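Data block below; observations after.
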Amino acid sequence: MQHNQTAARSTLPMGASLIAGTPLVEMRDMSIAFGGIRAVDGVSIDLMPGEVVALLGHNGAGKSTLIKILAGAYKADAGEIRINGQPAPISNPRDAKRYGIETIYQSLALADNVDAAANLFLGRELTTAWGTLDDVAMEAATREVMGRLNPNFRKFKEPVRGLSGGQRQSVAIARAIHFNAKILIMDEPTAALGPQETAQVGELVKQLKAEGIGIFLISHDIHDVFDLADRVSVMKNGKLVGTARTSDVTQDEVLGMIILGKAPPGAAPGPGAS
Ligand SMILES: Nc1ncnc2c1ncn2[C@@H]1O[C@H](COP(=O)(O)OP(=O)(O)OP(=O)(O)O)[C@@H](O)[C@H]1O
Ligand SMILES: [Mg+2]
């Protein structure tokens, strides 16, 4: 283990050495084009355990496309993905899940007519020794994971149709972490939510962070994510504008990165900005 980490670090580009320890995720020089459009063009980002990295940029900047490569939904034309310092060829969603990568898309893909437990185990149901559905075990597991994430949640017996946006978000997150997500991708998790529910998702993110899960939080609203993120990476027209620690830059400076596509002194054009 020690040997592997040392070996991996010595092969990293310069910028990455500014970060202590081995990144959970590194995406290096990723590119993908659709027809003539370079949706992602030579982008490098990384993520440490227990870290929240916000991926920001205008509509069409390439944020979703970049994380869909990590989630195995798209195959990159060029670039390398490393997980825990090791090359991680990801060519489909199953590969990604094997590396502990779970994605929560804005359309949460919940089954509205069944309860939280049924949603948690959708397609991965627990069964008893007799081959019947083990509802008791599934509800117990759901109560355990929801208790950690959202202790105030009580609506275990209701179809999720009746839940608030924030509660639905916690069911989707519970599903990801019950199946051992180490890396969570949240694409615009608060886009459809009110202020109170947005705050609830913020609490969920803090909880996951405390459990050592690394999170890519995608947004085009800097205000939504600035307080939650340890670092921000900004994209524009498929390219990385820069990466900065939220403690080193102001929201206005990051807004400048999003709009003008230029990095301020506190940001570096790539991973490992200190
Ligand atoms: N499957 C696809 N086929 C063709 N073009 C695509 C495809 N997916 C994305 N694009 C194009 O790639 C570019 C980046 O899109 P992407 O969805 O990654 O942007 P985004 O930063 O997530 O934007 P938003 O904030 O609107 O979600 C856009 O020009 C988009 O039209
Ligand atoms: Mg998007």
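Find the percent of Cα-Cα distances in the range 113-178 that exceed 15 Å, and round it to a whole number.
Numbers: 980 of 2145 pairs.
Of the Cα pairs, 46 percent sit more than 15 Å apart.
Once R0 is set to 45 Å, what does the formula 1/(1 + (r/R0)^6) return for the Cβ-Cβ distance between A78 and W130, expressed as a FRET efficiency to the nearest 0.05?
Details: r = 51 Å, r/R0 = 1.14.
The formula returns an efficiency of 0.30 here.
Past 20 Å, Cα to Cα, is the threshold; run K182/K262; K182/K206; K68/K236; K68/K97 against it and keep the listed order. Could the numbers behind the result be given before it?
Values: K182/K262 32 Å; K182/K206 14 Å; K68/K236 17 Å; K68/K97 13 Å.
In this structure, K182/K262 lie more than 20 Å apart at Cα.
Summarise the accessible area of the chain (1.4 Å probe, protein heavy atoms) by the percent that is carbon and sulfur. Please list the in-between numbers first.
Details: 6740 of 12800 Å².
Heavy-atom surface of the chain belonging to carbon and sulfur, 1.4 Å probe: 53 percent.
Return the loop-located GluC sites (Glu not before Pro) in the range 79-179 (DSSP other than H, G, I, E, B) with at most 16 other Cβ atoms within 10 Å of their own Cβ; answer none if there are none. Please list the in-between numbers first.
Details: sites: E80, E102, E125, E139, E144; in loops: E125.
Listed in order of number, the matching sites are E125.
Decide, for the range 130-274, between rounded, prolate and oblate: order the square roots of the alpha carbon gyration tensor eigenvalues as a ≥ b ≥ c, take rounded if a/c falls under 1.5, and otherwise choose prolate if a/b is larger than b/c, else oblate. Mind dumping the intermediate values first?
On the way: a/c = 2.86, a/b = 2.28, b/c = 1.26.
Prolate, since a/c reaches 1.5 and a/b exceeds b/c.
Which angle between 0 and 90 degrees, to the nearest 10, do you get for helix 195-210 versus the longest principal axis of the chain when only C-alpha atoms count?
Taking the Cα atoms of the chain, the angle to 195-210 is about 80 degrees.
Sorting R28, R124 by accessible area (1.4 Å probe), largest first, what list results? It would help to have the intermediate numbers written out before the result.
Numbers: R28 25, R124 85 Å².
Of R28, R124, the descending order of accessible area is R124, R28.
The values are calculated or read from the model by the stated rules, or taken from the named source; none is laboratory data. Bear in mind that the values here come from a model prediction, so they are computed numbers and not experimental data. In this analysis, Cβ positions are derived from the backbone assuming ideal geometry, glycine residues included, and neighbour counts consider all displayed protein chains. These accessible areas exclude ligands, DNA and RNA; they are computed on the full protein's heavy atoms, side chains included. Shrake-Rupley method; radii C 1.70, N 1.55, O 1.52, S 1.80 Å.
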